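Okay, structure first, notes after.
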Amino acid sequence: MFKTIDVKTIEKYQMVELLDEVKALVLESGVLHGIVTVHVPHTTAGLTLNKNYDPVVHSDILDTMHLIVPKEGNYLHIEGNSAAHIKASLFGNSETMIIENGRIELGMFQSIFLCEFDGPRKRKVHIKIIKG
Amino acid sequence: MFKTIDVKTIEKYQMVELLDEVKALVLESGVLHGIVTVHVPHTTAGLTLNKNYDPVVHSDILDTMHLIVPKEGNYLHIEGNSAAHIKASLFGNSETMIIENGRIELGMFQSIFLCEFDGPRKRKVHIKIIKG
Amino acid sequence: MFKTIDVKTIEKYQMVELLDEVKALVLESGVLHGIVTVHVPHTTAGLTLNKNYDPVVHSDILDTMHLIVPKEGNYLHIEGNSAAHIKASLFGNSETMIIENGRIELGMFQSIFLCEFDGPRKRKVHIKIIKG
């Protein structure tokens, strides 16, 4: 089972929760045991698993990423978004999770987020479920 | 085949090797060709593949992560562990490895580690093997 | 379907594109729907997805990684390549992508790169395709 979902980010830097969409697809697939791979097909956005409960954690993550990878620097890339490319490589673009008894084996406070590092933009997220 | 293992970390920052447990499950599964996904269901611990031979490499990794993501900062999250959340996103929470002829295709010095960034705690690790 | 490819890096720090090799294996496998896992079995090299079009993006990525993880530091590991080990954990060693209708669901400008952090060396890349 494969699905692409559309995400419209509205800020320059933003974490967009994807858990409901991924859970719904797992339910729809009827797969009880398997894996689900989520992939972000962009080079200035990433994918991460982190805390869903407290939105200030997202501010802390995004703000600290600015300190680690400054927006302005001796970058050669003329589009002005080198920092976003670097953050995407640091966070990665895919995560594979486990489906057991029809549910995703995430931690109680763990959720799935697209990380927008150069928005606002229209983004896509690919979700694939494999039985096994 | 799916298994959850329990890990008790004993330090604030620690890398806990998981290779023996993952190897044992691959053997037990009888799968000769496939993939194995290892997932850490926590938001203040990560998963990484790195060198198993020299424990000072782990000290270098953990110490350098403190320099990159300081424990104290202008963090909004009141639990005091924002740095751990950020490190978890930087390292990621899952790795998928390849099983070929019944063994995991890792490098000679490459092993699997849970990275504790906010211990000591009781942690879980999910391991899933898919044939194919 | 499983294949190991050999990569010879020629510089100390280098991003080596792997997309053609991975695409060719997907075609050869005849798999129309499934996943492809790419794994780098080394602890001083990583794997990342990023922009393929503009080589200065790669310079920006590699140069910034030196600022984030300096080559010289208070490292304990006597081989002098602790920075490379840390970069490998930050970028990760595997990515799982989705195959749909016989093609890899990557973004238009998104490609697959081995990241050499301690070259030049002979490196291996494992590619595994799972139908499902």
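The values are calculated or read from the model by the stated rules, or taken from the named source; none is laboratory data. These numbers come from a predicted model, not from an experiment. Reconstructed Cβ throughout: ideal geometry from the backbone, glycine too, with neighbour counts over all protein chains shown. For the accessible areas, the whole protein counts, side chains as well, though only heavy atoms, and no ligand, DNA or RNA atoms are used. Shrake-Rupley method; radii C 1.70, N 1.55, O 1.52, S 1.80 Å.
Accessible surface area normalised per residue over the protein assembly as shown is 40 Å², counting heavy atoms of protein chains with a 1.4 Å rolling probe.
Using the beta-carbon distance between B:D54 and A:H33 and R0 = 45 Å, what value does 1/(1 + (r/R0)^6) give for FRET efficiency, to the nearest 0.05? Don't skip to the answer; put the middle values down first.
Working: r = 38 Å, r/R0 = 0.85.
Here the calculated transfer efficiency is 0.75.
When B:S89, B:S29 are compared by accessible area at a 1.4 angstrom probe, the order from most to least is B:S29, B:S89.
Using C-alpha pairs below 8 Å separated by at least 6 residues, the relative contact order for segment C:13-132 is 54 percent. Projecting 7 Å from Cα along the Cα-to-Cβ direction, the label point of B:P70 sits 1.5, 1.5 nm from its equivalents in the other copies, listed shortest first.
Annotation: amide H-H contacts under 5 Å for B:H33 (H modelled 1.01 Å from N, sequence separation of 5 or more, or interchain): B:G102, B:G132.
In sequence order, segment B:36-42 has phi-based couplings of 10, 9, 10, 9, 9, x, 9 Hz under the Karplus curve 6.51 cos²θ - 1.76 cosθ + 1.60, θ = phi - 60°, and Gly or Pro positions carry x.
For segment B:91-99, 3J(HN,Hα) computed residue by residue from phi via the Karplus equation (6.51, -1.76, 1.60; θ = phi - 60°) reads 8, x, 10, 9, 9, 10, 10, 9, 9 Hz, glycine and proline entered as x. Position C:F109: other-copy label points at 3.7, 3.7 nm, ordered by increasing distance, label point 7 Å along Cα→C-beta.
Taking amide H atoms as placed 1.01 Å from N in the peptide plane, the amide H of B:E95 lies under 5 Å from those of B:V38, each 5 or more residues away in sequence or on another chain.
Take B:K8, move 7 Å from Cα toward the beta carbon, and the resulting point lies 5.3, 5.3 nm from the same point in each other copy, nearest first. Derived scalar couplings between HN and Hα for segment C:102-119 equal x, 10, 6, 7, 9, x, 4, 10, 9, 9, 10, 9, 6, 10, 7, 10, 7, x Hz in order, rounded to whole Hz, by the Karplus curve 6.51 cos²θ - 1.76 cosθ + 1.60 (θ = phi - 60°), x for Gly and Pro. The angle between the Cα long axis of helix C:55-68 and the longest principal axis of the Cα atoms of chain C comes to about 40 degrees, rounded to the nearest 10. The smallest convex shape that holds all Cα atoms of chain C, its convex hull, gives 99 Å³ per residue.
Can you give me the Cα centroid spacing of segment C:1-31 and segment B:33-68 in angstrom? Centre-to-centre (Cα) distance: 25 Å.
State, in square angstrom and to the nearest 100, the accessible area buried between chains A and B, both chains counted, probe radius 1.4 Å. Can you show the working numbers first?
Numbers: alone 7630 and 7640 Å², together 12900 Å².
Counting both chains, the buried surface is close to 2400 Å².
Think of each Lys and Arg Cβ as +1 and each Asp and Glu Cβ as -1; about the Cα centre, that makes the dipole of the protein assembly as shown roughly 840 debye. Put simply, the amide H of C:V7, placed in the peptide plane, has neighbours under 5 Å in C:R123, C:K124, C:V125, leaving out anything fewer than 5 places away on its chain.
Dipole magnitude for chain B: about 380 debye, using +1 per Lys or Arg Cβ and -1 per Asp or Glu Cβ, origin at the Cα centre.
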